[in-house]
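Since the structure comes first, as structure tokens, the remarks are kept for the end.
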Amino acid sequence: MAIQRALRLSAYAGITASPDVAEQLHDEIVRLSHEYPHSPTAVIIGELTQLQGIAFSLTERDPNPSRKRELYFLSGVVSGLLAEANEDLGNFSASRVHARTAYICAEQADHHALRGWARFQQMNTAFWSGSYQEAIEFADRCETFIGGVSGDGRARIYATKARALAAVQDIDGARAALELADRAREEAVPDLVDEIGGHVSYPYARQLYHTANVLLASRGRAVEAESAAGRALDACAAAEAPDRSYIWESTCRVDLATARLLRGDADGAVVALGPVLALPPAQRAENLRTSLQKAHRLLTQPRLVASPLARDTRLEIEEFCQFTVRTGLS
């Protein structure tokens, strides 16, 4: 697009980042963060990659210390978005690299909120790749700076840690982390990361989704998990169109279906899964595939295995998992 071409000219012609150029870079990152929730990952990742290259080039060349810190901040934000985009594709090795790069940028910018954004991406990648203990370790490393995070990022770190603790069956630890997340939400004052908005933000709907994750991992709390997932879904659906995320809505739907299956409501689970299973392959993110496999296992329970409805839904899930955004790129 024309704006990125203009930024590339500044970056590759050796021009230092004037306040106008830095502002243009900021605006492009804001735009892509707001487009991320409703754009196919394969589309958004290309623009993010180009913008990261521009940000790095401008950062390397700028001799102004104050502006250099600002450029490191912007480079860290876009690197974090690239980490999440690669995680959506199931490309965890690339996701780890971009998340680590985001943290390096945060160190150079000396920005606590950006440190939190980068650590969250490292936690997220570790979690979805099945490395739950590593996700917990990344969360623990946040203790050195989390007191300096004033915005919603503090709640994001605690809630994401809670999900990882629940995955290793430390339910008491997960509940304590959720309490810290609730308290952090109440005390939050928006910071520069929050002000980017869009996918970089941590709305309450996503916190409710993490709460549902914990409840699903807790034995005998399917009813509470269904309630949390339902509230998260309602909050996602109520978001304004530019920031409404099909991935967040879909993950909430899968959790809602899983909770209903745990309490024996196969019909209700199928209703919840309908819009997810209808997603085109370009919108079938890796975390959706992983979450759906849990629902698939529940549909093979002895009480459901002979049900035509359960059988048809299992087949739909298998088809979904066979043709995802990742397989479309391979």
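Probe radius 1.4 Å, ligands and nucleic acids ignored: give me the carbon and sulfur share of the accessible area of the range 156-290 as a rounded percent.
Numbers: 2760 of 5220 Å².
Answer for the range 156-290: carbon and sulfur cover 53 percent of the accessible area.
Quick one: dipole size for the chain, taken about the Cα centre, charges +1 on Lys/Arg Cβ and -1 on Asp/Glu Cβ, in debye to the nearest 20. Provide the component values of the computation, followed by the final result.
Numbers: 35 positive and 42 negative charges, 165 e Å.
Here the chain has a charge dipole of around 800 debye.
Does the range 173-226 classify as rounded, prolate or oblate by the C-alpha gyration tensor (a ≥ b ≥ c root eigenvalues; a/c under 1.5 gives rounded; else a/b over b/c gives prolate, otherwise oblate)?
Details: a/c = 3.44, a/b = 1.98, b/c = 1.74.
Verdict is prolate for the range 173-226.
So how far, in whole Å, is the C-alpha centre of the range 181-236 from the one of the range 53-70?
Cα centroid of the range 181-236 versus Cα centroid of the range 53-70: 35 Å apart.
Using Cα atoms only, what is the angle between the long axis of helix 246-262 and the major principal axis of the chain, expressed in degrees (0 to 90) to the nearest 10?
For 246-262 against the chain, the angle is about 30 degrees.
Roughly how many Å² is the accessible area per residue of the range 121-240, as a whole number, for a 1.4 Å probe?
Values: 4800 Å² over 120 residues.
Accessible area per residue: 40 Å².
Expressed in nm to one decimal, what extension gain is obtained for the pair V189 and E143 from 0.36 nm per residue of sequence separation less their Cα-Cα distance? Working shown, then result.
On the way: separation 46, 0.36 × 46 = 16.56 nm, distance 1.88 nm.
Extending this stretch completely gives an extra 14.7 nm.
For the chain, what value does the Rg/Rh ratio take when both radii are computed over Cα atoms and Rh is the Kirkwood radius, given to two decimals? It would help to have the intermediate numbers written out before the result.
Working: Rg = 20.2 Å, Rh = 20.3 Å.
Answer for the chain: 0.99.
Roughly how many Å is it from the Cα centre of the range 264-330 to that of the range 120-135, as a whole number?
If we compute the Cα centre of each part, the gap is 23 Å.
Can you work out the FRET efficiency for the pair Q293 and D267, with r the C-beta to C-beta distance and R0 = 25 Å, to the nearest 0.05?
Details: r = 21 Å, r/R0 = 0.84.
Calculated value: 0.75.
Rounded, prolate or oblate: pick one for the range 12-155, where a ≥ b ≥ c are the square roots of the eigenvalues of its C-alpha gyration tensor, a/c under 1.5 means rounded, and failing that, prolate if a/b is larger than b/c, else oblate.
Values: a/c = 2.00, a/b = 1.31, b/c = 1.52.
Since a/c reaches 1.5 but b/c is at least a/b, the shape of the range 12-155 is classed as oblate.
Mind checking the full-extension length gain between Y204 and A176? Use 0.36 nm per residue of separation minus the Cα-Cα distance, one decimal, nm. It would help to have the intermediate numbers written out before the result.
Values: separation 28, 0.36 × 28 = 10.08 nm, distance 1.79 nm.
Once the chain is fully extended between Y204 and A176, it gains 8.3 nm.
Please list the equivalent ellipsoid semi-axes of the range 84-226, computed as the square roots of five times the alpha-carbon gyration tensor eigenvalues, in descending order and whole angstrom. Spell out each step's value before the answer.
Numbers: eigenvalues 105, 65, 35 Å².
Working through the eigenvalues yields semi-axes of 23, 18, 13 Å.
Suppose R0 equals 51 Å. What FRET efficiency, 1/(1 + (r/R0)^6) with r the Cβ-Cβ distance, do S307 and A238 give to the nearest 0.05? Walk me through the numbers on the way to the answer.
On the way: r = 33 Å, r/R0 = 0.65.
So, using R0 = 51 Å, E works out to roughly 0.95.
Between I104 and E23, 0.36 nm times their residue separation minus their Cα-Cα distance comes to what? Each step should come with its number before you reach the end.
Details: separation 81, 0.36 × 81 = 29.16 nm, distance 2.17 nm.
Value of the extension gain: 27.0 nm.
Below 8 Å between Cα atoms, with a sequence gap of 6+, how large is the relative contact order for the chain in percent?
So the answer I get is 15 percent.
The values are calculated or read from the model by the stated rules, or taken from the named source; none is laboratory data. Note that the structure is a prediction, hence the values are computed from the model and not measured. Counting neighbours? That spans all protein chains shown, and the Cβs are built from the backbone with ideal geometry, glycine included. Calculation scope for accessible area: heavy atoms of the full protein, side chains included, ligands and nucleic acids excluded. Shrake-Rupley method; radii C 1.70, N 1.55, O 1.52, S 1.80 Å.
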